[in-house]
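These notes are about the structure you will find just below.
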Amino acid sequence: MKSNAARLLDKLGIPYQILSYEVDPDDLAAESTAEKVGLPAEQVFKTLVVRGDTTGICFAVVPGNAQLDLKALARISGNRKVETVALKEVQPVTGYIRGGVTALASKKDYPVYLDETATLFEQITVSGGMRGMLLLLSPDDYLRAVSGTLGAIVQN
């Protein structure tokens with residue numbers, strides 16, 4: 001089954017591969033997902049929904065084994081302060097449920113910030129827009145699809 005995210009990549013002519021995995025609703029951690037698809041956690045990127053005090057909603061896309069650096073994201077996004085959006089707000093804002101959030105074909109085209117470590121890999125995975133689906137594609141193609149910005153946004 002194709003998601004809106006996969007259809008968007010098709011429309012843009014971007015090559016990708018769908019990776020499916022068994023979903024455990026009690027364990028949606030990126031590290032667990034990475035194990036299920038046989039990839040290192042640093043290659044499986046999670047999409048976080050964040051709100052800046054100046055620019056509003058944006059997506060932070062970081063490796064599954066890393067923590068978002070809120071101060072670094074604030075600097076790169078032109079905010080004084082950013083905070084993660086409350087879980088109850090995620091679906092109304094993005095159209096996606098926890099464990100299936102993606103910047104691809106979101107409800108609105110919010111700014112997207114991809115951690116620079118993505119460029120260490122020929123391909124990364126991001127959520128396909130539903131639980132149990134990842135999309136494997138090149139970091140450059142992902143950035144093009146979401147009009148994203150590359151930067152150092154994880155804690156060291």
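The values are calculated or read from the model by the stated rules, or taken from the named source; none is laboratory data. Because the structure is predicted, anything quoted here is derived from the model rather than measured. Positions of Cβ are generated from backbone atoms using ideal geometry, with glycine treated the same way; all protein chains shown enter the neighbour counts. Remember, those area values only see protein heavy atoms, side chains included, never the ligands or the DNA or RNA. Shrake-Rupley method; radii C 1.70, N 1.55, O 1.52, S 1.80 Å.
Some observations on this one:
- Qualifying residue in the range 133-140 (condition: surrounded by 21 or more Cβ atoms within 10 Å (Cβ to Cβ), within 11 Å of the chain's Cα centre (by Cα) and of a type outside the set (F, W, Y)): yes
- Here D115 qualifies as of a type in the set (D, E), at pLDDT 95 or above and under 20 Å from I76 (Cβ atoms).
- M133 satisfies every condition listed in (1) touching a Leu at 6+ places or on another chain (Cβ under 7 Å); (2) within 28 Å of M1 (Cβ to Cβ) except (1).
- Residue in the range 31-52 that is surrounded by 13 or more Cβ atoms within 10 Å (Cβ to Cβ), touching a helix residue (DSSP H, G or I) at 6+ places or on another chain (Cβ under 6 Å) and in a loop (DSSP other than H, G, I, E, B) present: no
- Pick from the range 20-30, criterion of a type outside the set (A, V, I, L, M, F, W, C) and in contact (Cβ under 8 Å) with a residue 40 or more places away in the chain, ranking: least open to solvent (accessible area, probe 1.4 Å): Y21
- Some residue of the range 105-127 being in contact with a Lys or Arg (Cβ under 9 Å, 6 or more places away or on another chain) and of a type in the set (S, T, Y): yes
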